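A.B. asks: Below: one structure in structure tokens.
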Amino acid sequence: MSIRILLAEDDELMRVTVQDHLRDQGFLVDDAMDGTDAIGLLKQHSYEIVVSDIRMPGFDGTQILKLVKEQAPNTDVIMMTAYGSADDAVQCLKQGAADYILKPFDLDDLTIRIKRLVEMQEVKARCISSEKGCFAKATPIIGSSLVIQQMLSLVSQVAVSDASVLIHGESGTGKELVAAAIHYGSKRAQKPYIRLNCAAIPATLLESELFGHEKGAFTGADGRKIGKFELADQGTILLDEIGDMPLELQVKLLRVLQEREVERLGGGTVHINVRVICATSKNLKKRVATGQFREDLYYRLQVIPIEVPPLRERGQDVLELCDFFLEEYSQERGTPFLLTKDAKMALAGYRYPGNVRELKNILERVSVLAPAPTIQLWDLPFEVQGADGRDGTSNYTLNHAVAQAEKKCILQALLKTGNNKTEAAAVLGISRKNLWQKMKGYSL
Ligand SMILES: Nc1ncnc2c1ncn2[C@@H]1O[C@H](COP(=O)(O)OP(=O)(O)OP(=O)(O)O)[C@@H](O)[C@H]1O
Ligand SMILES: [Mg+2]
């Protein structure tokens, strides 16, 4: 796809020179001889890049910048200005310009800047679309228990602020969901949301993942890499499992948070505006006490701490989550799954060391393996079956075992006879009426 550039410059010689050069580089270039002309073109086409002089008769470059940022926030604007007016250019950067170049400039310098912005746009587009893939059905946070409702009201309060957030909770409690809810509930929702799991990346690679590197920065760095912080510019970064970040990187992260700029390995410094959310299942305070986590970073990150409670403390949420996940699997498989009362009791009584993730996995497995849409107690995993809150031995009675075996035989007979009840009854050696009664009893 060709890159389309709008060039706004009132000096004709300059305009023609730049236009010819950019066309030679393979860009599609529309030219505007003043601000009014440029605004007209902006209404007709969309551009990847706008290159605009700052001082022009009529609408000037700053007004063009403002219009572009309002109407096409993904378009990058490069301002051109004469030496001596660098202050104007810096002002434009504050208002959202991506870059500026002082006249007279080397045409190759302009090309390099444009190519760099285009490269960034491509990487950002890839990240945003893969993030959208993950959250295509913006996952709701289910749960009407008091603890979850309190947490959700904190989440919506926090989302609108720009403060750093530290989310803590056991594994599988939904920390990533909470982080996403904060980003998508914030004014940065339309900007990148970049996630990085600090525990999943070897310490030696983590630095360049976070901050990027220039070509040749270290052996094997055969191209430039844009770091996650730079990709998240204007948006949010989730640093997951922050407790696992090595100490030497913690120092660098603190610097980024304080200075609001990142230094690429082997290269320059880039100013960034990123909201940081961290998540951890570790006890960071303990890690501070044992010297594994920097105290200054800890306080910097946990401006707002959010605690995600474990599932066993959420009472009725378990059954609400069951309905939610079963509905999802019912739609996926085209089978309306239901739980019997016994199965519900067992699910509600279980302690879920793996929290919501464990519950979700159990239901997914059951929805694949259960022989019928009505999920019985004995379809559940063994450890859950024993957790129905009643006398723990009740599931292991002879009656229970017989019922389980009987149900299995009936299902096999139905399967073998293509669901023909008369034939199945004959196979089983019982009457048709008896089969019908038993099937009703087992909700088959
Ligand atoms: N309240 C909830 N409502 C709906 N789904 C939930 C809820 N909480 C968690 N889930 C689901 O449970 C799974 C685990 O959640 P998530 O990945 O956010 O946990 P986590 O706390 O980040 O775990 P870990 O510490 O292991 O990374 C996900 O599939 C998520 O969609
Ligand atoms: Mg997680």
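The values are calculated or read from the model by the stated rules, or taken from the named source; none is laboratory data. Since we're looking at a predicted model, the values are computed, not measured. Cβ coordinates were reconstructed from backbone atoms using ideal geometry, including for glycine residues, and neighbour counts include every protein chain displayed.
A.B. asks: Please state which one of LYS282, LYS215 is in a loop (DSSP other than H, G, I, E, B), over 28 Å from GLU170 (Cα atoms) and of a type outside the set (Gly, Ala, Ser).
C.D. replies: LYS215
A.B. asks: Looking at region 7-31, which of the residues that are more than 22 Å from LYS115 (Cβ to Cβ) and in contact (Cβ under 8 Å) with a residue 24 or more places away in the chain is surrounded by the fewest Cβ atoms within 10 Å (Cβ to Cβ)?
C.D. replies: So, considering only residues that are more than 22 Å from LYS115 (Cβ to Cβ) and in contact (Cβ under 8 Å) with a residue 24 or more places away in the chain, the one surrounded by the fewest Cβ atoms within 10 Å (Cβ to Cβ) is ASP11.
A.B. asks: Filter region 363-375 down to the residues that are within 12 Å of ligand 1 (Cβ to nearest atom) and more than 15 Å from THR340 (Cβ to Cβ) and list them by number.
C.D. replies: Passing the criteria: only GLU364.
A.B. asks: Taking region 146-199 as the region of interest, how many residues are part of a loop (DSSP other than H, G, I, E, B), within 9 Å of ligand 1 (Cβ to nearest atom) and more than 18 Å from the chain's Cα centre (by Cα)?
C.D. replies: 1
A.B. asks: Enumerate the pairs (first residue in region 229-258 and among the aliphatic types (A, V, I, L, M) and within 16 Å of ligand 1 (Cβ to nearest atom); second residue anywhere and at pLDDT 95 or above and part of a helix (DSSP H, G or I)) with beta-carbon separation below 6 Å, excluding pairs fewer than 6 apart on the same chain, so at least 6 apart or on different chains.
C.D. replies: Close Cβ pairs satisfying both conditions: LEU238/ALA179.
A.B. asks: Taking the condition of being assigned to a helix (DSSP H, G or I), crowded, with 18+ Cβ neighbours inside 10 Å and of a type outside the set (Phe, Trp, Tyr), how many residues in region 359-382 meet it?
C.D. replies: 8
A.B. asks: If you don't mind, there's one more thing I want to ask. Being at positive phi and either of a type in the set (Phe, Trp, Tyr) or away from ligand 1 (no atom under 15 Å from the Cβ) (or both), is that true of even one residue in region 335-352?
C.D. replies: Within region 335-352 (the criterion being at positive phi and either of a type in the set (Phe, Trp, Tyr) or away from ligand 1 (no atom under 15 Å from the Cβ) (or both)), the answer is yes, since at least one residue qualifies.
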